[in-house]
Amino acid sequence: MQITINQELSLRTISLGDTEKVFALTNASREYLKEWLPWLDYTKEVADTRAYIESCIKGHEANSSLSLVIVFRNEIVGIAGFNSINATNKIGTIGYWLSEGAQGHGIMTKTVKALLHYAFETLQLHKVEIRAAEANYKSRAIPERLGLVKEGTIRAAEWLYDHYVDHVVYGMLKSEWQQQK
């Protein structure tokens, strides 16, 4: 699957052929990403990324998740997609990360907007959620910019290496998406 956002930016389903590039990007961005992502200590070699991509493929085949590489100017610069898709309740949870060098081009805002479109128009979801650590202002700016509603805070939602962080939960209903169009 591929979603073309513009001439420079697209999303496509992650594949095993992306293993080396995704690992290299993760490794190069390790210290930057570690501030807010708890999985970096479990991604130490190419085999770890391969196992992650295999789990992404299984999730996609089961229709329970969808992981996409973000391609900007023909280079993979991050990952975005649906960490979970609850088909029964028609709710998807978007997650994303972007390499430090790709910041400042509006990539993630455009990416998440495309994911919202896909969620409501193609997957026919009723609701999309985004969760971000309370102090992760860059990540929180994305749903705020796109008009998602701040629904609340989950206390001690995630263990981040040596401490818990609270998560702010944002949500958008399909009816709210349709009003924005």
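The values are calculated or read from the model by the stated rules, or taken from the named source; none is laboratory data. Everything numeric here is computed off the predicted structure, so don't read it as measured data. Note that we place each Cβ from the backbone using ideal geometry, even for glycine, and neighbour counts take in every protein chain shown. We work out accessible area using only protein heavy atoms, side chains counted, and drop any ligands, DNA or RNA first. Shrake-Rupley method; radii C 1.70, N 1.55, O 1.52, S 1.80 Å.
List the residue pairs whose Cβ atoms are under 6 Å apart, where the first residue sits in segment 45-61 and is over 12 Å from Leu16 (Cβ atoms), the second is part of a loop (DSSP other than H, G, I, E, B) and not acidic (Asp, Glu), and the two are 6 or more positions apart or on different chains.
The qualifying pairs are Gly59/Ser65.
Among the candidates Val112, Val128, single out the residue that is under 18 Å from Gly171 (Cβ atoms), under 17 Å from the mean Cα position of the chain (by Cα) and assigned to a strand (DSSP E or B).
Selected residue: Val128, the only one of Val112, Val128 that is under 18 Å from Gly171 (Cβ atoms), under 17 Å from the mean Cα position of the chain (by Cα) and assigned to a strand (DSSP E or B).
Can you tell me which of (1) surrounded by fewer than 20 Cβ atoms within 10 Å (Cβ to Cβ); (2) more than 12 Å from the chain's Cα centre (by Cα); (3) under 21 Å from Asn6 (Cα atoms); (4) at pLDDT 95 or above is the one Ala119 doesn't meet?
Condition not satisfied by Ala119: (1).
Tell me which strands (runs of 3 or more DSSP E) are completely within segment 2-98 and hold 3 or more residues being of a type in the set (A, V, I, L, M, F, W, C) and touching a strand residue (DSSP E or B) at 6+ places or on another chain (Cβ under 8 Å), or say none if there are none.
66-72, 75-86, 91-98
For residues that are open to solvent by 30 Å² or more (accessible area, probe 1.4 Å), assigned to a helix (DSSP H, G or I) and out of contact with any helix residue (DSSP H, G or I) (no Cβ under 7 Å at 6 or more places or on another chain), tally how many sit in segment 141-159.
Residues in segment 141-159 being open to solvent by 30 Å² or more (accessible area, probe 1.4 Å), assigned to a helix (DSSP H, G or I) and out of contact with any helix residue (DSSP H, G or I) (no Cβ under 7 Å at 6 or more places or on another chain): 1 in total.
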